[in-house]
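The values are calculated or read from the model by the stated rules, or taken from the named source; none is laboratory data. Every value quoted in this text rests on a predicted model; they were computed, and no experiment measured them. Positions of Cβ are backbone-derived with ideal geometry, glycine not excepted, and every protein chain shown enters the neighbour counts. Keep in mind that these areas ignore ligands, DNA and RNA; they rest on the heavy atoms of the full protein, side chains included. Shrake-Rupley method; radii C 1.70, N 1.55, O 1.52, S 1.80 Å.
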Amino acid sequence: MRNDAFNYYSALIWVAGLIGALAATSAHASCTSTGLGTPTCSASISATALSFGNYSAATTSATTSTGTITVSATFSGSVFGTSTLSYTVSLSAGNSGTTTSRYMSYGSYTLNYNLYTSSTYGTVWATSTVSGSASASGGFGTRTASTTHTVYGRLPAGQYTAAPGSYTDTITVTVTY
């Protein structure tokens, strides 16, 4: 029989947005406008940490949590109409080196988890998994718009081999446009 007092783990995943990780493949190909002139656009990202809180291996169901990634676009060079930036959002593998089976670590101990694109937990969020766009309408000058994406985390039940402690993983968010 296990003593539940020793089965609680603090599980925290830092979803870190790296502004320097933005890769511009072709600004004109992914930046369009229905207005006059040739649009130019740029993007920045921010992310919130995803925390599973205290974890007990004795629970019979998975522990879940959510975080967010916000893509902010800035448009210039065109007037009137709507400008749109199309992009993909990728999440790194973190400690595990593979997006198919991520894990958090505390010293030499690990807890398996993964990140998903929806609350049904059917599609793992990996490289270029999520496509999106941000659009702004208006007249003259610089315009901005942002789009927020939810990251769904799931930590399976029954991971008895982990020791009590603060488990972490760092995930790099990359937006390509």
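Look at region 145-163 and say how many of its residues are surrounded by 14 or more Cβ atoms within 10 Å (Cβ to Cβ), modelled with pLDDT under 90 and farther than 17 Å from Arg102 by Cβ.
Going through region 145-163 one residue at a time, the tally reaches 0.
Any idea which of (1) within 19 Å of Thr170 (Cα to Cα); (2) open to solvent by 40 Å² or more (accessible area, probe 1.4 Å); (3) part of a strand (DSSP E or B); (4) touching a residue at least 60 places away in the same chain (Cβ under 8 Å) is the one Ser65 doesn't satisfy?
So the condition that Ser65 fails would be (2).
Across region 123-144, what is the number of residues that are buried (at least 18 other Cβ atoms within 10 Å of the Cβ) and in contact (Cβ under 8 Å) with a residue 60 or more places away in the chain?
Number satisfying all stated conditions: 3.
Please pick out the residue among Thr120, Thr110, Thr99 that is open to solvent by 40 Å² or more (accessible area, probe 1.4 Å), at pLDDT 90 or above and assigned to a loop (DSSP other than H, G, I, E, B).
Just a single option satisfies the conditions, and that option is Thr120.
Take the conditions open to solvent by 30 Å² or more (accessible area, probe 1.4 Å) and either at pLDDT 95 or above or under 17 Å from the mean Cα position of the chain (by Cα) (or both) and apply them to Ser105. Does it pass?
In short, no.
Is there a residue being hydrophobic (A, V, I, L, M, F, W, C) and surrounded by fewer than 15 Cβ atoms within 10 Å (Cβ to Cβ) anywhere in region 42-55?
Checked region 42-55: at least one residue is hydrophobic (A, V, I, L, M, F, W, C) and surrounded by fewer than 15 Cβ atoms within 10 Å (Cβ to Cβ).
Only one of these is closer than 24 Å to Val71 by Cβ and more than 16 Å from the chain's Cα centre (by Cα): Ala157, Ala145, Ala126, Ala162. Name it.
Of Ala157, Ala145, Ala126, Ala162, the one residue that is closer than 24 Å to Val71 by Cβ and more than 16 Å from the chain's Cα centre (by Cα) is Ala145.
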